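The values are calculated or read from the model by the stated rules, or taken from the named source; none is laboratory data. Since the model is a prediction, treat every value here as computed from it, not as a measurement. In this analysis, Cβ positions are derived from the backbone assuming ideal geometry, glycine residues included, and neighbour counts consider all displayed protein chains.
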Amino acid sequence: MIRVGIVGAAGKMGRALCIAALDDPDIELVAAIGRSKTGMRVAELVGRPDTDVRLSDRLETLLDANVDVALEFTSPDSVMGNARWFLDHGVHSAIGTTGIGAEDLAELRSRAEAGPANMFVGDAFSVTDAVGRHIAKIAARYIPNVELSETHPPTKADAPSGTCVRTAQELARVGASSPKAASREIIPGARGGEIDGIRVHSLRQWGGPGFEEIRFSLPGETMTIVLTPWSREPYANGALRVAKAVVNRRGFTYGFESLLGLD
C-alpha cells in the first residue's frame, strides 16, 4: 500500500483524487490538505463513508501521517512553495498543477536530483492527452501548419492552460508553426496569442473540465486532433499511476508520457 496525501483536496480536482484514492486497492489515503473546509471529514466532503481522514491546512500533516507520496493539485500561486516544502522535508511528490515556468522547473529538477525526495511534474496526467500530443508531433513532420484552441470553465486560473502551452512548445520543437496570415486584426487579440510561432486561442466557457483542439492544415485539407475529457476521473487515475511510480523513480521526472514510453 502506498500512503498518499492530497494537497488541494478541497478543490474539484482534489475531490476527484480523494475518490480515486479510496477506490484504488494499492493506495491508502492518509492525509488531505486544503485551504478551506478545515476539520471536515473527507468522507463528508466526497460523500463516501470509508475514511476518517480530516482536512488540514498544515503541510506538516503529511509528515504526521507518514505519507509516501504527496499529490499536489492547487494553484499556480502556491505550487512552487509547496514543491519546495516537499523537497525540503524529503517527501516524494507528484505535481499536477500547471503554470510552473522554465526557471522554476530547472530549480526543482536540480534540487530533486541532489536530494532524497523524488518528484514528478506533469501538465496533464491523462493517457489521451499524452497519446494525442505524441500523434500530433508525428503529424507535424508532414503537416507543419497548426493552430491550437483550448476551452476551460471561466474559473480556470491561467490562459492558455499549461497543457496547451506545452503542446505548442512540443510542436514547435519538431518544426510546426502557424501559417502567416494577411488578416489585419480589427480587434486586438482576435488572432489569439502566440507561443514559439504557434497561434493559441483560449475559450472560457462552462462545460467539461477542459478541451484541446490541435488543427493542422494544408491547401485544400485539414486534420484535427481533439482531446476531450468528460470528467476529472482520467486525470485522477493518471495521478495515482504517477504516485505508484514516483516512489521508485529516482530524482526528477517531467511529463506523463514518460510513463507510457512516449518520451
Among the numbered criteria (1) farther than 21 Å from Ala168 by Cβ; (2) modelled with pLDDT under 95; (3) not polar (S, T, N, Q); (4) not assigned by TED's automatic domain parsing to the domain that holds Ser177, which one does Arg241 miss? (2)
Candidates Ala83, Ala32, Ala21, Ala10, filtered to the one that is under 23 Å from the mean Cα position of the chain (by Cα), assigned by TED's automatic domain parsing to the domain that holds Ala239 and closer than 19 Å to Ser126 by Cα: Ala21
Pairs please, first residue from the stretch 17-41 and closer than 15 Å to Leu55 by Cβ and buried (at least 17 other Cβ atoms within 10 Å of the Cβ), second anywhere and at pLDDT 95 or above and polar (S, T, N, Q), Cβ atoms under 8 Å, 6+ apart in sequence or on different chains. Val30/Asn66; Ala31/Ser56; Ala31/Thr61; Ala32/Ser56; Ile33/Ser56; Ile33/Thr61; Gly34/Ser56
Filtered residue count, the stretch 91-109, keeping only those that are free of Cβ contacts under 8 Å to residues at least 24 places away in the same chain and either of a type in the set (Lys, Arg) or part of a helix (DSSP H, G or I) (or both): 4
Output for the stretch 206-236, where each listed residue is of a type in the set (S, T, N, Q) and either modelled with pLDDT of 95 or more or in contact with a strand residue (DSSP E or B) (Cβ under 6 Å, 6 or more places away or on another chain) (or both): Ser217, Thr222, Thr224, Thr228
Looking at the stretch 113-130 only, could you name the residues that are part of a helix (DSSP H, G or I), over 15 Å from the mean Cα position of the chain (by Cα) and among the aliphatic types (A, V, I, L, M)? Ala114
Residue ID - farthest from Val246 (Cα to Cα), chosen from residues in the stretch 95-124 that are among the small types (Gly, Ala, Ser) and surrounded by 23 or more Cβ atoms within 10 Å (Cβ to Cβ): Ala124
Just to be sure before I move on: is Thr61 out of contact with any Ser or Thr (no Cβ under 8 Å at 6 or more places or on another chain), crowded, with 17+ Cβ neighbours inside 10 Å and either closer than 27 Å to Gly210 by Cβ or in the same structural domain as Met119 (by TED's automatic domain parsing) (or both) in the structure I sent? yes
Among the residues of the stretch 37-63, write down those that are at pLDDT below 90 and under 24 Å from the mean Cα position of the chain (by Cα). none
For the stretch 162-263, which strands (runs of 3 or more DSSP E) that fit wholly inside it have 3 or more residues that are touching a Gly at 6+ places or on another chain (Cβ under 6 Å)? 198-204
